[in-house]
């Protein structure tokens, strides 16, 4: 494989990993606050259709991306009202949100099937983007790819280093203690849920505007569920979510390449299992290693909280 | 007239429908529209397989106007859920029901037994009953036309082929394409990548990129989204649309597309029910009957190639050319079809081996 081809393969990996990274990071923040939202797939679809429809209608990709995040957040708001204010079961509500998102996005997107859109522009850095290998790998992506990397670092910093991040974690670890020392548990969780929705919306927008610039029903094809699994296997750490997303994306692409190269004598079905196996194996080994600390599932994950009156 | 009904509506409505069942029987009044039901495996907006069947449904509505009323249920999972949906369509007065995916075969047959007066049409299956017909299209004939063009247009001599699942339906397409391409350019290689899905735009696109990175300059697919062709367009190579004309996604890249055209068959079968002439049958139609059509050739197809492609198409229509005419050797060099022989429909429908030149 020539250097040029290797770069192209790496670019494909980055593109395959980015939507998973966005969605998983958002869900990580939600779960850190003690809420389990299984509606990632539905929120991604809402983002995908909103991003696409607005970009096509207005010609502005920036507006499209903003609306995708808003659409995701709006879906999350429905989830928030039901589970946080009305104290509905989070698992059932999350599943319902996915089903709702599939139907709603299909309805809204009906007029956009088969419509082409210009892919997001690559942001080139003059001088740097022309460098061999490093140029295209590091300095020639679209804005969302950069944003996903920044978001990883930003969320890591926010959760570990800021006061607000600590409050969010406190709410997720012990809602009653956080409440008794005066934090508004419900408000913190609302904000986390909305943020998670916006990130899922961005994941969807990346799919419909960059990865495969088109709208098609159910185009997320299960990526929301993979993102949910990544959060668990990364033991709720942003850095490991990044690792997991790139690993999953990477092995997915490599197995496609292996098939194209004649399969190396391995059945295609086995190759197709590799991304799942590799990601689970690597993240489990990391989580079980001597440097692991606690397993880190937020103690109040999925628990209902009703403020004592 | 059109009613889109969700599966939930069906559950709620089935009790009411059961009550009126006694009145449904054979068509009581000519003024009453014939109800025709469709069961889809995917969303109508997939721009591929289900989209094609839904075009057929719309063709029925356009053709018969107020005489016919159609209903569809989309995203029906293959398995027990399908049986429930089909049963509810049958029990709510639909007299003709199209179930449009292979996995609906057994549910369709079971429901057909319970509703002997309702006519069923099952796509791509192989089991009939007195009130169940099966129909399928010879998509592999379209692959012959594609292969002919590919043999001329390819520079690298490598074609990429994105497969869904390694079932005979897909394998026969790969083989028909490869044989036709190698007839023009004998050293053509066809690299196959399976994505284990009928529909996953992201993965289909990634598979296309992988194949292009390995030297493919022709892209074929047996999956339902336009993503591979879109990648072909972005990378400046050529390819073929699947199930519908995907020119809007790849104005330069699309050489032609294999179109599934169910309209004629659906209208004919609906008329048969209206005229009470419907009989159980098993058909496998192709280019000749118009169930498979080719989209207009793209600008990247030179005039002489266009003529050859048309000649191939016409030979398939007239029967002068058979997609699997010998001599054919398989991947391992074992002779499969002797000179002067060709594969029977039964042998094609059970194909589980690759011809020489396929890398899968």
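The values are calculated or read from the model by the stated rules, or taken from the named source; none is laboratory data. Owing to the predicted nature of the structure, the values given are computational and were not obtained by experimental measurement. Methodologically, a virtual Cβ is constructed for each residue, glycine included, from the backbone with ideal geometry; neighbour enumeration extends over all protein chains shown.
Keeping to the range A:228-248, report how many residues are closer than 12 Å to residue A:276 by Cα and either touching a strand residue (DSSP E or B) at 6+ places or on another chain (Cβ under 6 Å) or surrounded by 24 or more Cβ atoms within 10 Å (Cβ to Cβ) (or both).
So the count comes out to 4.
Read through the list (1) more than 14 Å from chain A (Cβ to nearest Cβ); (2) within 15 Å of the chain's Cα centre (by Cα); (3) crowded, with 22+ Cβ neighbours inside 10 Å, then give the number of the only condition that residue B:223 fails.
(1)
Of all residues in the range A:214-251, count the ones that are modelled with pLDDT of 90 or more and assigned to a helix (DSSP H, G or I).
23
Does any residue of the range A:144-164 turn out to be part of a loop (DSSP other than H, G, I, E, B) and in contact (Cβ under 8 Å) with a residue 40 or more places away in the chain?
no
What's the number of the condition residue B:73 fails, among (1) out of contact with any strand residue (DSSP E or B) (no Cβ under 7 Å at 6 or more places or on another chain); (2) within 14 Å of chain A (Cβ to nearest Cβ); (3) touching a residue at least 40 places away in the same chain (Cβ under 8 Å)?
It fails just one condition, (1).
With buried (at least 19 other Cβ atoms within 10 Å of the Cβ) and at negative phi as the only criterion, which of B:62, B:90 stands out?
B:90
Please find, among B:232, B:208, B:250, the residue that is modelled with pLDDT under 95 and closer than 26 Å to residue A:18 by Cβ.
That would be B:250, the only listed residue that is modelled with pLDDT under 95 and closer than 26 Å to residue A:18 by Cβ.
One line per residue, one yes/no per condition, for (1) at pLDDT 95 or above; (2) within 30 Å of residue A:13 (Cα to Cα); (3) surrounded by fewer than 16 Cβ atoms within 10 Å (Cβ to Cβ):
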| residue | (1), (2), (3) |
| --- | --- |
| A:134 | no, yes, yes |
| A:140 | no, yes, no |
| A:163 | yes, no, yes |
| A:166 | yes, no, yes |
| A:180 | no, no, yes |
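This table checks each residue for (1) closer than 28 Å to residue B:124 by Cα; (2) under 21 Å from the mean Cα position of the chain (by Cα); (3) more than 7 Å from chain A (Cβ to nearest Cβ).
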position: B:177; (1), (2), (3): yes, yes, yes
position: B:186; (1), (2), (3): no, no, yes
position: B:193; (1), (2), (3): yes, yes, no
position: B:202; (1), (2), (3): yes, no, no
position: B:213; (1), (2), (3): no, no, no
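So residue A:270 clears everything in (1) more than 13 Å from chain B (Cβ to nearest Cβ); (2) over 14 Å from the mean Cα position of the chain (by Cα); (3) part of a helix (DSSP H, G or I) except one condition, right? Which one?
It is condition (1) that residue A:270 fails.
Of the residues B:236, B:215, which is out of contact with any strand residue (DSSP E or B) (no Cβ under 9 Å at 6 or more places or on another chain) and either in the same structural domain as residue B:144 (by TED's automatic domain parsing) or within 19 Å of residue B:46 (Cβ to Cβ) (or both)?
Residue meeting the stated conditions: B:236.
Could you list, in sequence order, the residues of the range B:226-248 that are surrounded by fewer than 24 Cβ atoms within 10 Å (Cβ to Cβ) and either facing chain A (nearest Cβ under 7 Å) or part of a helix (DSSP H, G or I) (or both)?
Answer for the range B:226-248, where residues must be surrounded by fewer than 24 Cβ atoms within 10 Å (Cβ to Cβ) and either facing chain A (nearest Cβ under 7 Å) or part of a helix (DSSP H, G or I) (or both): B:233, B:234, B:235, B:247, B:248.
Of the numbered conditions (1) closer than 30 Å to residue A:41 by Cα; (2) out of contact with any helix residue (DSSP H, G or I) (no Cβ under 7 Å at 6 or more places or on another chain); (3) surrounded by fewer than 24 Cβ atoms within 10 Å (Cβ to Cβ), residue B:169 satisfies every one except a single condition; which is it?
Residue B:169 satisfies every listed condition except (1).
Counting residues that are crowded, with 17+ Cβ neighbours inside 10 Å, in contact with a helix residue (DSSP H, G or I) (Cβ under 8 Å, 6 or more places away or on another chain) and away from every other protein chain (no Cβ under 14 Å), which helices (runs of 4 or more DSSP H) fully inside the range B:261-360 reach at least 2?
Working: elements: B:263-274, B:303-318, B:345-349.
Ranges flagged: B:263-274, B:303-318.
For residues that are in contact (Cβ under 8 Å) with a residue 12 or more places away in the chain and surrounded by fewer than 13 Cβ atoms within 10 Å (Cβ to Cβ), scanning just the range A:112-132, find the one that is nearest to the chain's Cα centre (by Cα).
This residue is A:121.
What are the residues in the range A:161-209 that are within 30 Å of residue A:110 (Cα to Cα) and more than 14 Å from every other protein chain (Cβ to nearest Cβ), if any?
Correct list: A:193, A:194, A:195, A:196, A:197, A:198, A:199, A:200, A:201, A:202.
This table checks each residue for (1) within 12 Å of chain B (Cβ to nearest Cβ); (2) without any contact (Cβ under 8 Å) to a residue 24 or more places away in the chain.
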position: A:211; (1), (2): yes, no
position: A:231; (1), (2): no, no
position: A:244; (1), (2): no, no
position: A:255; (1), (2): yes, yes
position: A:259; (1), (2): yes, yes
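Identify the single condition in (1) surrounded by 24 or more Cβ atoms within 10 Å (Cβ to Cβ); (2) over 19 Å from residue B:300 (Cα atoms); (3) facing chain A (nearest Cβ under 9 Å); (4) within 17 Å of the chain's Cα centre (by Cα) that residue B:197 does not satisfy, given that it satisfies every other one.
Checking residue B:197 against (1) surrounded by 24 or more Cβ atoms within 10 Å (Cβ to Cβ); (2) over 19 Å from residue B:300 (Cα atoms); (3) facing chain A (nearest Cβ under 9 Å); (4) within 17 Å of the chain's Cα centre (by Cα), the one that fails is (1).
For the range B:95-205, give me every one of the helices (runs of 4 or more DSSP H) that falls completely inside it and has 3 or more residues that are farther than 25 Å from residue B:219 by Cα.
Output list reads B:105-114.
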